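Since the structure comes first, as structure tokens, the remarks are kept for the end.
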Amino acid sequence: MAKIRLTPDGLTRLQAELEDLTHVRRHQVADRIRQAREEAHGDSGDSTAYEDAKTELALLEQRISELEHTLAEVEIVPDTGDHTEVMLGCHVVIQDADGEREEYVIVDHFEADPRRGRLSQTSPVGEALMGKHQGDEVTVETPAGERRLTIVEIR
């Protein structure tokens with residue numbers, strides 16, 4: 001099975017999520033199940049709240065299992081410091097033809113979240129940037145149309 005490549009920040013975020021789910025959320029949902037069971041006087045068949053909490057617990061346990069599996073397969077992308085070309089784990093500042101700048105960390109698809117500045121290396125823009133250098137221009141076809149981008153900074 002292929003390793004899941006994460007930045008150190010991505011690993012920390014997944015570990016924090018797992019910690020929260022196993023030590024906080026799991027107990028909260030279990031308390032809701034107990035409370036709903038008590039309110040239904042032990043007849044869980046008539047309690048919508050009980051069924052909702054049981055469904056939430058099942059989804060929570062599924063996410064915990066996914067995180068545990070993922071964390072067992074992680075390969076950390078080392079931070080090599082200064083980068084001269086766009087590669088996994090680097091920060092890149094790009095500028096479009098209108099002068100608008102955007103900054104991203106290039107990550108594996110697993111931790112991608114463009115709204116939070118984490119761009120997948122396999123996204124159209126990420127793929128076009130990989131291996132390029134500061135000052136290089138790329139043209140990329142995105143769902144919003146063709147974009148011309150200049151790499152302003154790599155770190």
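None of the figures in this text is laboratory data; all of them are computed from the coordinates on show. Note that this is a predicted model, so its numbers are computed, not measured. We place every Cβ from the backbone using ideal geometry, glycine too, and count neighbours over all the protein chains shown.
Between Glu75 and Phe110, what is the spin-label point distance in nm, taking each point 7 Å from the Cα along the Cα→C-beta axis?
Result: 1.0 nm between the two label points.
Highest mean first, what order results for 104-111, 51-58 on Cβ atoms within 10 Å?
104-111, 51-58
If you put +1 on each Lys and Arg Cβ and -1 on each Asp and Glu Cβ, how big is the dipole of the range 4-76 around its Cα centre, in Debye rounded to 20?
120 debye
Choose one answer from Gly145, Gly99, Gly135: the residue with the largest mean-square fluctuation in a GNM of the chain with alpha-carbon springs under 10 Å.
Gly145
Taking 8 Å as the Cα distance limit and 6 or more residues as the minimum spacing, I'd like the relative contact order of the chain as a percentage. Walk me through the numbers on the way to the answer.
Details: 233 pairs, mean separation 34.5, N = 155.
Reported as a whole number, the value is 22 percent.
For the chain, what proportion of DSSP beta bridges, expressed in % and rounded to the nearest 5, is antiparallel?
Just about 75 percent of them are antiparallel.
Note down the magnitude of the dipole of the range 91-154 about its Cα centre, charges +1 on Lys and Arg C-beta and -1 on Asp and Glu C-beta and zero elsewhere, to the nearest 20 debye.
Values: 7 positive and 14 negative charges, 21 e Å.
In total the dipole reaches around 100 debye.
How much length is gained if the chain between Arg63 and Glu39 is pulled fully straight, taking 0.36 nm per residue apart and subtracting their Cα-Cα distance, in nm to one decimal?
Difference between extended and current length: 5.8 nm.
Mean separation of Cα pairs under 8 Å and 6+ residues apart, divided by the residue count of the range 4-76: what relative contact order is that in percent?
Relative contact order comes out at 52 percent.
Could you work out how far apart the two model spin labels at Val24 and Thr122 are, taking each label as a point 7 Å from the Cα in the direction of the beta carbon, and quote it in nm?
Computed distance between label sites Val24 and Thr122 equals 3.1 nm.
Report the net charge of residues surrounding Gln121, where surrounding means a beta-carbon distance below 13 angstrom and charges are Lys +1, Arg +1, Asp -1, Glu -1.
Charge balance near Gln121 sits at -1.
Percent relative contact order of the range 104-155, based on C-alpha pairs within less than 8 angstrom and at least six residues apart?
Relative CO of the range 104-155 lands at 23 percent.
Roughly how many debye, to the nearest 20, is the charge dipole of the chain about its Cα centre, given +1 on each Lys and Arg Cβ, -1 on each Asp and Glu Cβ, and no other charges? Spell out each step's value before the answer.
Details: 18 positive and 34 negative charges, 34 e Å.
Dipole of the chain, to the nearest 20 debye: 160 debye.
Taking the Cα-to-Cβ direction at Glu51 and at His91 and moving 7 Å from each Cα, how far apart do the two end points lie in nm?
Simple spin-label model gives 5.1 nm for this pair.
Treating the chain as a set of equal point scatterers at the Cα positions, no solvent, please give the Debye-formula log₁₀ I(q)/I(0) at q = 0.13, 0.15 Å⁻¹.
-0.71, -0.82
To check my understanding: the extent here is largest minus smallest coordinate of the Cα atoms along each principal axis. What are those three numbers for the range 91-154, in Å, largest first?
29, 25, 20
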